[in-house]
Structures are given as structure tokens and as C-alpha cells.
Amino acid sequence: MSVETLSSDDFRAAMVEQLITDQRDKGLSMRPEVEAALRTVPRHLFTPDSSLEDAYSPNLAVITKQVGDETISSVSAAWLIAEMLGQAADAHEGGLSGLDVLEIGSGGYNAALLRELVGDSGSVTTVDIDKDVTDRASECLAAAGYGDVTVVCADAEQPVGPRGVYDLIIATVGAWDIAPAWTDQLASDGVLVVPLRTFGMTRSWALRREGHALVSHSQRLCGFVSIQGTGTHQMRYVDIAEGVHLRLDEDQKINPQSVGDLLAQPPVQAWAGASLAPATVLADLDMWLATRITAAGQQFVILTAQQDAIDAGRVDPAWRYGTPAALHDGTFCYRSALQWTDDKFDLGARAYGPDATTVAQQWVEHMVAWLDASTPAPVLHVLPAGTPDGDLPAGTVLDKRHSRLVLAFTPR
């Protein structure tokens, strides 16, 4: 059967099967109710300007509004939506049936999936600051038969009606902080699922309310269009060499020229001496490095690079789209590309500057410590700004505008 003869039902069924397989490969299991919602909602009606093939591509985010080169709104990739809905259902004992849900960021498709999941006894409200986006969401929801979803045009940094309290708040935009309105409107046993930037890295965190705090139940690596309005926090990029950049998201003070001068020096490479299987997931290692390096008083940053800069040998990062790096007392270091031997790999660090040998070895020791602890995942605690240090749990503290974040790791 050719692509031209496939129906929307065929494409949707193929998408869901691929999503189930991809989650299984990650060690996840798709919940039956999430699978049923994905099989029911006609995604192509929320991407009317796209082909059926694009609409049902599991890994494709369909852009719905741009200003210049900047993406303002999109229908998020199906794999990410499916995983976040799974996070929400897993964190809410008993699943999502009957819950009142607030979605922050409107594309329409995710709101329709939520409407299927909460059932007749639940409700879904979706909010976006952009009237073009909410008008489009309303039209698509109506066309798909979900006219009972409440669509609100407002800044979600403020309380959102019509309900005062929600059992689940799920954000489909990237946030830098947790707005007080979100915690104020969250039920006493509620769950907040939010793509939150910490140390310049975004994770989708499923957070349960525990008194005045929120504590994570799960986290997934992800990326989203940044939130607009009063909750915006501008991420900064600085050039340190041709095709090489630093991503600064926590008001770090970096002299680009100084780092660029260090990169011109011969590097020192250190290796952990590990022999790891390809299935080893390193996303948690990067967060581990961020907490250890910050606790040691170094300025943690994210290194990004264009492929031409890597090919020219200017840098050799673990991942060109975002690699942990730090500057401390005139020495610059980052996690380097993996070293493969047959079908196993080793972890390494590359440093530049007067203490390059010492710093690279320190980074390797941090990596070995993570491996020795059985590759633990981070746990996030969110408390209100102004919470005294003595009332914080153990971990690395990251202060935001409205909240104090504490990241900790529990050995497996």
C-alpha cells in the first residue's frame, strides 16, 4: 500500500505502534488509557496545513506560528506528548479520569487528548497568551469534536479561570521558574507537569504537592517553545570561538574573550576508564555534573557548537547541541565526546588552562562517582522563594525568581 492510499486512520495506527515501540526501547510502558486516547484523537485536524505523513510523524513538532525565525507555537511532537501524559497519569494515583485539568500553552491536540483521558466527569481548560493561538485552538478543537474544552486567552503567570483549583496542571511550553499562581491553583493532592529549565537544561518534571513543596515523581529529557509573558526569562548565548558558543541561563558572568583564549591553548584530555554499553543513558549524568560543579563553586554553563567547528578541531563536545561545561579560576572544562572500543564506550573530560590536568581529572572523578552510585536520576524539590536554608532538603540549591529549587540524587 502506497503513502497516497493510506487513510488518516492508517497513519494514526502506525504512529501509535511506533510510539509504543519507542517507549519500550526506553524501558517505558505506555498506559492503556494514553494509548486509547492517541488512537482516538484525529491529530491531522490540529495540523490542517500539513500532510498526513507529517501530521502523524511520531518525532515531528508541527510549527503553527512563527515570527521571523522564531517559533511561537507548535503542535508538539507526539512522542513527547505521549510521555508527558504518561508522567501525569503515573504521578496521579488512579490515573486522570474525573480530574479538572489546566493546560498551559495551547495547540489543541494535547487538550483533546486530555479531554479523552479525564472523561465525562472531568474538565479541561487550556490557556495561551496569544489570541492567534487560542483562536486556532478553538477552531481545531471544535472541528475535532472537542468543543467542551474551555479555551482562555491570558497570561498564565496569573491565576486562570474558570475553576479556582485544578487536580492537574500540565505545561506544554518551556518554563524557567514555577509561577506562584500554578502552586496556588494546584489541589492539595495535585500534580504539576512542567518542562523546566535548570542549569540551562530542560526536563519535563512531574511534581507532586507535598505541603508547601513540590517533589518530583519522574523526569524526561525534552525541549519546548519558551513561555511568553511575564514569566519569560531570556536565555543568553555568547560566542567564544568561531562556531562555538556558551548557553547562559542562570545569570552567569562570563568573559567570552577569556574563554576563547583558553580554547586556543592545547587541551588536556582525561578518561574515566569505563566500559559502558550503548544503552547507557547519560542525560542524568549531565544533571549530576551540574550539581557537583555548582556545589564546588564553579560557574556551570552549556557548550554548543556547529559541526564545522567540531570538524576543524576547535572543540570535541559530548553533544554539539548542549554539553556540560564550566569555568573556574582560569580553567575551562567540558564533557568530551565518547571514546568507543568495539561496542563499548568510555566517558571523558577535556580542559584548557593552567590547571587543566587537575580540573579534567576532577570531572572524571565526578563521572566515576555517578557510575559507582549506579547512575542515579535527579530528584527535584520546589519550595517558595524566601524559604530559609535550614528548611531546605539536602541537595544543590538553585534560586529562581519565585522559587528555590533543590536537586538531589539517591543512589539506586
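For this structure, a couple of remarks:
- In the condition set (1) open to solvent by 40 Å² or more (accessible area, probe 1.4 Å); (2) touching a strand residue (DSSP E or B) at 6+ places or on another chain (Cβ under 6 Å), A290 is compliant with all but (1).
- Filter result (open to solvent by less than 50 Å² (accessible area, probe 1.4 Å) and β-branched (V, I, T)) within segment 36-56: V41, T47
- When the helices (runs of 4 or more DSSP H) confined to segment 69-159 are screened for residues that are aliphatic (A, V, I, L, M) and more than 30 Å from D22 (Cα to Cα), those reaching at least 1 such residues are found at 131-143.
- The number of residues in segment 328-342 being over 22 Å from D284 (Cβ atoms) and either among the basic types (K, R) or out of contact with any Phe, Trp or Tyr (no Cβ under 9 Å at 6 or more places or on another chain) (or both) comes to 5.
- Residues in segment 188-207 that are open to solvent by less than 10 Å² (accessible area, probe 1.4 Å) and either in contact with a Cys (Cβ under 8 Å, 6 or more places away or on another chain) or assigned to a strand (DSSP E or B) (or both): 13 in all.
- Remark: pairs (first residue in segment 1-29, at pLDDT 95 or above; second residue in a loop (DSSP other than H, G, I, E, B); Cβ separation under 6 Å; 6+ apart in sequence or on different chains) = F11/Y56; R12/Y56; M15/Y56; M15/P58; Q18/P58; L19/P58; I20/M30; Q23/M30.
- Answer residue from segment 80-105, given it is touching a strand residue (DSSP E or B) at 6+ places or on another chain (Cβ under 6 Å) and closer than 20 Å to S57 by Cα and is surrounded by the fewest Cβ atoms within 10 Å (Cβ to Cβ) among those: E83
- Helices (runs of 4 or more DSSP H) completely within segment 248-363 that count 1 or more residues being within 23 Å of L407 (Cβ to Cβ) and touching a residue at least 24 places away in the same chain (Cβ under 8 Å): 283-295
- D284 vs. criteria among the acidic types (D, E), open to solvent by less than 40 Å² (accessible area, probe 1.4 Å) and closer than 22 Å to E365 by Cα: yes
- Among the residues making up segment 240-257, those that are surrounded by 13 or more Cβ atoms within 10 Å (Cβ to Cβ) and either within 20 Å of D316 (Cβ to Cβ) or of a type in the set (F, W, Y) (or both) are I240, A241, G243, V244, H245, L246, R247, P256.
- Candidates are the residues of segment 210-220 that are crowded, with 16+ Cβ neighbours inside 10 Å, of a type outside the set (V, I, T) and more than 13 Å from S76 (Cβ to Cβ); the one that is nearest to the chain's Cα centre (by Cα) is Q219.
The values are calculated or read from the model by the stated rules, or taken from the named source; none is laboratory data. Bear in mind the structure is a predicted one, so any value in this text is a computation, not a measurement. In this analysis, Cβ positions are derived from the backbone assuming ideal geometry, glycine residues included, and neighbour counts consider all displayed protein chains. Accessible surface is based on the protein model in full, side chains and every heavy atom, while ligands, DNA and RNA are left aside. Shrake-Rupley method; radii C 1.70, N 1.55, O 1.52, S 1.80 Å.
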